[in-house]
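A quick write-up on the structure given underneath.
Rule-based calculations on the coordinates, nothing more; no lab input. Note that this is a predicted model, so its numbers are computed, not measured. Cβ atoms come from the backbone with ideal geometry, glycine included; neighbour counts cover every protein chain shown.
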Amino acid sequence: MRNGEKGFTLIELLVVMAIIAVLMTLVAPRYFQQTERAREVVLKHNLNTLRMSLDQFRRDHLHGPKDLQELVEQGYLRQLPLDPMTNKNDSWTVNNDEHSQIIDVHSGSSQKSLEGNTYATW
C-alpha cells in the first residue's frame with residue numbers, strides 16, 4: 001500500500017476466498033448427508049406410526065381399513081403423516097390382503113437410501 005492507505009490487497013482477498021472454498025467443499029457433503037439421514041429418520045418414524053395405527057385398527061375392528069384415510073376418519077390418526085421422501089401425504093403405497101384390506105404400508109418413493117436399498121422396500 002502506498003501513502004499509508006489501509007486495506008487488503010487483491011492477493012490477500014483471493015487467498016481468503018480460496019481457503020473458504022476449500023472448507024466449503026469439505027463441509028457441504030457432510031451437511032447434505034446429515035439432511036438425508038434426518039429425512040430417513042422421519043420416514044422410519046412415520047412408517048412406524050402408520051403401521052401401529054393399522055395394527056390397532058385391525059385389533060379393534062377384526063379387519064383392516066380399505067384405505068389410509070379411514071384411519072383418520074375413525075380417529076386412529078389426526079392426519080396422514082407426510083412421506084418425507086416425496087413431500088406428500090398421499091403417496092404412500094399399501095399392500096392389501098385378499099379382501100382389499102390394508103396390511104402394510106411403504107413409502108411411495110423409488111429413490112435409494114443411504115444404505116443402498118429403495119425407500120419403497122422399508
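Taking the stated definitions as given, is Asn48 at positive phi and within 17 Å of the chain's Cα centre (by Cα)?
Details: at positive phi: no; within 17 Å of the chain's Cα centre (by Cα): yes.
Answer is no for this residue.
Counting just the residues of the range 83-118 that are of a type in the set (Ser, Thr, Tyr) and either touching a residue at least 60 places away in the same chain (Cβ under 8 Å) or not in a loop (DSSP other than H, G, I, E, B) (or both), which one comes out surrounded by the most Cβ atoms within 10 Å (Cβ to Cβ)?
For the range 83-118, the residue satisfying everything is Ser107.
Collect the residues in the range 1-26 that are under 30 Å from Pro84 (Cβ atoms) and either of a type in the set (S, T, N, Q) or surrounded by 10 or more Cβ atoms within 10 Å (Cβ to Cβ) (or both), keeping them in residue-number order.
Leu23, Met24, Thr25
Between Leu71, Leu43, Leu50, Leu80, which is among the hydrophobic types (A, V, I, L, M, F, W, C), part of a loop (DSSP other than H, G, I, E, B) and either in contact (Cβ under 8 Å) with a residue 24 or more places away in the chain or surrounded by 13 or more Cβ atoms within 10 Å (Cβ to Cβ) (or both)?
Answer to the selection: Leu80.
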